[in-house]
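Data first, discussion second: the structure below is written as structure tokens.
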Amino acid sequence: MLKNILSPRLIIPVLAGLLVGALVGPFQLSCGVVQNTACAADQCPPGPAGPAGPAGPQGPGFSNCQWLYTACGAGSGVECQQICPAGSYPVSGSCDAQAGASLSENRASTGAAVFPDSPASFMAFDRWVCETAQGNMQFTYALCCKP
């Protein structure tokens, strides 16, 4: 029995397997690709930085933004406005009407008699306007920001 275990036909393949296992042990073979096990958990060092992307459009930035709202009076077709504080502008806005009311206006606007030509910067406006065609408006909201 010991003679069969120590036979070269058995020992040579076992030793070859151990040698190959020791050499390939730090790597994982997956579909013929060698993968370093240190990278398995996103632990590889970062590669070189790529080229910088294109610069985005330049324009006024947003800072000191705050949501403001105005409680609206009851009545059909009544326009309700949230005016932004001096030096701030309505970047976005929204309307809150009672159930069943339909909106006819939901837009940025100005207190001036003339509406700005398109395209206009958000700094051309000073308020958000909501109006119902029927039903009651409850609140008008504006996100007012300083450039």
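The values are calculated or read from the model by the stated rules, or taken from the named source; none is laboratory data. All figures in this text were calculated on a predicted structure; none of them were measured in a lab. Counting neighbours? That spans all protein chains shown, and the Cβs are built from the backbone with ideal geometry, glycine included. Please note that ligands, DNA and RNA were not included when accessible areas were found on the heavy atoms of the full protein model with its side chains. Shrake-Rupley method; radii C 1.70, N 1.55, O 1.52, S 1.80 Å.
Screening residue 142 with (1) more than 22 Å from residue 64 (Cβ to Cβ); (2) open to solvent by less than 40 Å² (accessible area, probe 1.4 Å); (3) touching a Leu at 6+ places or on another chain (Cβ under 9 Å) gives one miss only, at (1).
Among the listed residues 109, 118, identify the single one that is in contact with a strand residue (DSSP E or B) (Cβ under 9 Å, 6 or more places away or on another chain) and among the hydroxyl-bearing types (Ser, Thr, Tyr).
Details: 118 fails: in contact with a strand residue (DSSP E or B) (Cβ under 9 Å, 6 or more places away or on another chain).
Result: 109 is the single residue among 109, 118 that is in contact with a strand residue (DSSP E or B) (Cβ under 9 Å, 6 or more places away or on another chain) and among the hydroxyl-bearing types (Ser, Thr, Tyr).
Within segment 104-127, residues that are more than 18 Å from residue 141 (Cα to Cα) sit with their Cβ atoms under 8 Å from residues that are among the small types (Gly, Ala, Ser), at 6+ positions apart or across chains, in these pairs: 115/109; 116/124; 121/59. Within segment 66-92, the set of residues being modelled with pLDDT of 85 or more, open to solvent by less than 30 Å² (accessible area, probe 1.4 Å) and out of contact with any Lys or Arg (no Cβ under 8 Å at 6 or more places or on another chain) comprises 72, 80.
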